[in-house]
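The values are calculated or read from the model by the stated rules, or taken from the named source; none is laboratory data. This structure is a prediction, so every number in the text was calculated from the model and none was measured. Here the Cβ positions follow ideal geometry from the backbone for every residue, glycine too, while neighbour counts run over all protein chains shown.
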């Protein structure tokens, strides 16, 4: 494979490298700092795409750090599913970064922008590592890096709400990682391995002797990843954190960070715990019902919000529930739906937070009831909002429909129509709180009264890109779905 | 805080703490301890200076520009050592396989890349602990 | 009786779990933010204690080769991992404390309940 065999490590390394070089660049060559991050993200994206092509040709590929084979060394695994997550992760973060270039100057002090680039690259790098790694302890370290940098991109805007929200987030995610590490200890105690593949085999045998340890570990993992991915009812930190953060950070946190933990929980369920464990205790069932509750309650909470960003944050709780539903339903079509939703929701929610950012940038309005008539003064922005809400609701022609379609299909196939009802009801609730904003924005006869600053071109362009992609996901879902079907077939 | 006893004591003690920190960093591959412990000891000595004298004296000892260069440099050095291993034909962070000189086991200059990495991480940890302390103390500035 | 004997033999696991629960309870229920940070450290330390205890075998020594004598040695891997864990815990603590300092500057208190009260009055 030549040089490309090092790509799994290099994807993470190039991002961390930029992270540490950007404060220096920002201090002495300020113009180069942002292009350096963009170049690193582009390089990482190129590497992921090359890897994806190679993995589809030659099969799953493992990379051993320092040449040490598992179970001693740290192993990175490149399989289609992980690379798919990486493509979504890196391309969406590139897109958000380009949007952030203009928005950051408005929301942050100039002094800290160099640090923002650092934190941003560290965040993306650690998330890429979480997706790639095949080792539990490595996952723990990367999760902590991800948690700190995710909190830091909230608290970097030093106002009171941000500081409080990020402290709350930090404490709860520290609880999550504590639980996760305890679970890792429980598994290490009975098997002596930390590598996913070795654990998968050793746990089958260990399950006969030490079932309690393994159950405890599984429960701790659900708590850990549930907290970090805002699975209902462990979501309490999310609304404050995502609503108070600067808009690019909100887009990043709501669009990508919570999803990467959902993906990590998926890996635990499908690559670490063998089938016997999952059949002995209804772990998937627990996740499934929590997700069903989350899909309803997230939307209900969102309905009573008066702050636009807070409403979007609560809507994230409802939407992440679909992904957990995809994991919990235990069916290949459900996996396709859940993973398609990772992509669709990453793009849609990131775009909606960009819209919120643009509205705050140009008018300073955050309250939903003050948005009447805004469609006439900010047409592109509100069209983007309309398409984003359509995708959230799942109107045909947008990406949101495809994922809900596959989820509903799989629920029918395994004979549990109640979850179809949950999906339908939740979509209806989504419509109840998204559509009035759209209608008021365009069709209300009142004029928009506030002063309007012109929207910079690059922000408008970012929103247009988002709209285009949401519609592409709605009409041309075939290639991605085929990729996901192939990837899901490996697990069933 | 201007206390004669703490000042004189810390002036006496700080050089020894720093040498001890460096010793632990350099012997990371031979004995218990290593980059983090040594770096933490070294960083603690800088914090001690700041506490027993005043902030300006401490800041002078490790100015902010230099601290951020050291911090970034430590991490970059780690990453570059890993990349050098790839350039030499090994895997990322390979040590012996990539052809780093191993030296004689038990002597100071041995263990190839581990020695280099320990050094870089030690620098990074020491400067990070010092800057963290200053940032918390100074706050807004 | 057998269960009791098992508990006595493995008292370090028990201590670790008790510490973990104390830490978690304090972290989630106390309103003082400094106490929350301390509790977070107790929780982390308990997990580290448990991990290190997993690697220990009765009567074993430090895993250092000397003169090719065969010895029973403790599993070095948990020790190495826990060192990493401690580093991570230190950085999280430092970050959390710096947040507390900043919040204190705004409200003149470290108590979360008081902060909520102040905010509700606004």
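Quick check on the range A:47-63. Is at least one of its residues within 13 Å of chain B (Cβ to nearest Cβ), outside any helix (DSSP H, G or I) and farther than 14 Å from residue A:10 by Cβ? Looking for residues that are within 13 Å of chain B (Cβ to nearest Cβ), outside any helix (DSSP H, G or I) and farther than 14 Å from residue A:10 by Cβ, one finds at least one in the range A:47-63, hence yes. Across the range B:103-141, the number of residues qualifying as more than 30 Å from residue C:101 (Cα to Cα) and surrounded by fewer than 15 Cβ atoms within 10 Å (Cβ to Cβ) comes to 7. For residue B:95, are the conditions met, namely being within 9 Å of chain A (Cβ to nearest Cβ), at pLDDT below 80 and either under 30 Å from residue B:3 (Cβ atoms) or not in a loop (DSSP other than H, G, I, E, B) (or both)? Spelling it out, it is not the case that residue B:95 is within 9 Å of chain A (Cβ to nearest Cβ), at pLDDT below 80 and either under 30 Å from residue B:3 (Cβ atoms) or not in a loop (DSSP other than H, G, I, E, B) (or both).
Okay, residues lined up against (1) surrounded by fewer than 16 Cβ atoms within 10 Å (Cβ to Cβ); (2) at pLDDT below 90:
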position: A:2; (1), (2): yes, yes
position: A:12; (1), (2): no, no
position: A:24; (1), (2): no, yes
position: A:33; (1), (2): no, yes
position: A:39; (1), (2): yes, no
position: A:65; (1), (2): no, yes
position: A:87; (1), (2): no, no
position: A:96; (1), (2): no, no
position: A:106; (1), (2): yes, yes
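Within the range A:432-460, the set of residues being in a helix (DSSP H, G or I), touching a residue at least 24 places away in the same chain (Cβ under 8 Å) and under 25 Å from residue A:95 (Cβ atoms) comprises A:434, A:437, A:438, A:441, A:458, A:459, A:460.
Criterion first (assigned by TED's automatic domain parsing to the domain that holds residue A:289, more than 30 Å from residue A:364 (Cβ to Cβ) and free of Cβ contacts under 8 Å to residues at least 12 places away in the same chain) does residue A:479 satisfy it? Criteria met by residue A:479.
Scanning the range A:149-162 for residues that are at the interface with chain C (Cβ under 8 Å from one of its Cβ atoms) and either buried (at least 24 other Cβ atoms within 10 Å of the Cβ) or under 17 Å from residue C:16 (Cα atoms) (or both) returns A:151, A:155.
Taking the options A:185, A:122, name whichever one is without any contact (Cβ under 8 Å) to a residue 60 or more places away in the chain, closer than 22 Å to residue C:83 by Cβ and in contact with a helix residue (DSSP H, G or I) (Cβ under 7 Å, 6 or more places away or on another chain).
From the options A:185, A:122, the qualifying one is A:185.
One residue alone among A:240, A:208 is closer than 30 Å to residue A:154 by Cβ and surrounded by fewer than 21 Cβ atoms within 10 Å (Cβ to Cβ), and that residue is A:240. Within the range A:482-492, the set of residues being part of a helix (DSSP H, G or I) and either in contact (Cβ under 8 Å) with a residue 40 or more places away in the chain or not assigned by TED's automatic domain parsing to the domain that holds residue A:330 (or both) comprises A:483, A:484, A:485, A:486, A:487, A:488, A:489. Test of understanding: among B:59, B:72, which residue is modelled with pLDDT under 80 and either under 17 Å from the mean Cα position of the chain (by Cα) or away from chain A (no Cβ under 14 Å) (or both)? So the residue among B:59, B:72 that is modelled with pLDDT under 80 and either under 17 Å from the mean Cα position of the chain (by Cα) or away from chain A (no Cβ under 14 Å) (or both) is B:59. When the range A:288-302 is filtered for residues that are touching a helix residue (DSSP H, G or I) at 6+ places or on another chain (Cβ under 6 Å) and within 20 Å of residue A:335 (Cα to Cα), the ones remaining, listed by number, are A:288, A:291, A:292, A:294, A:295. Just one of the listed residues (C:17, C:22, C:34) is away from chain A (no Cβ under 11 Å), within 14 Å of the chain's Cα centre (by Cα) and within 22 Å of residue A:172 (Cα to Cα), and it is C:22.
Among A:255, A:183, which is at negative phi and over 20 Å from the mean Cα position of the chain (by Cα)?
When all the criteria are applied, what remains is A:183.
When the range A:269-281 is filtered for residues that are buried (at least 16 other Cβ atoms within 10 Å of the Cβ) and more than 19 Å from residue A:83 (Cβ to Cβ), the ones remaining, listed by number, are A:269, A:272, A:273, A:274, A:277, A:278.
Would the range C:56-75 turn up any residue that is within 10 Å of chain A (Cβ to nearest Cβ) and crowded, with 17+ Cβ neighbours inside 10 Å? No, there is no match, as no residue in the range C:56-75 is within 10 Å of chain A (Cβ to nearest Cβ) and crowded, with 17+ Cβ neighbours inside 10 Å. Take residue C:8 and decide whether it is within 11 Å of chain A (Cβ to nearest Cβ), out of contact with any strand residue (DSSP E or B) (no Cβ under 7 Å at 6 or more places or on another chain), free of Cβ contacts under 8 Å to residues at least 12 places away in the same chain and over 15 Å from residue A:170 (Cα atoms). No; evaluated as a whole, the condition is false for this residue. Of the helices (runs of 4 or more DSSP H) that lie entirely inside the range A:250-333, those containing 3 or more residues that are in the same structural domain as residue A:169 (by TED's automatic domain parsing) and modelled with pLDDT of 90 or more span A:258-267. Residue A:395 passes every criterion in (1) without any contact (Cβ under 8 Å) to a residue 40 or more places away in the chain; (2) under 24 Å from residue A:304 (Cα atoms); (3) part of a helix (DSSP H, G or I); (4) touching a helix residue (DSSP H, G or I) at 6+ places or on another chain (Cβ under 9 Å) apart from (3). Checking A:409, A:429, A:424 one by one, the residue that is free of Cβ contacts under 8 Å to residues at least 60 places away in the same chain and assigned to a helix (DSSP H, G or I) is A:424 and no other. Of all residues in the range B:5-22, those that are under 15 Å from residue B:43 (Cα atoms) have Cβ atoms under 8 Å from Cβ atoms of residues that are outside any helix (DSSP H, G or I) and modelled with pLDDT under 90, 6 or more apart or on another chain, in B:10/B:53.
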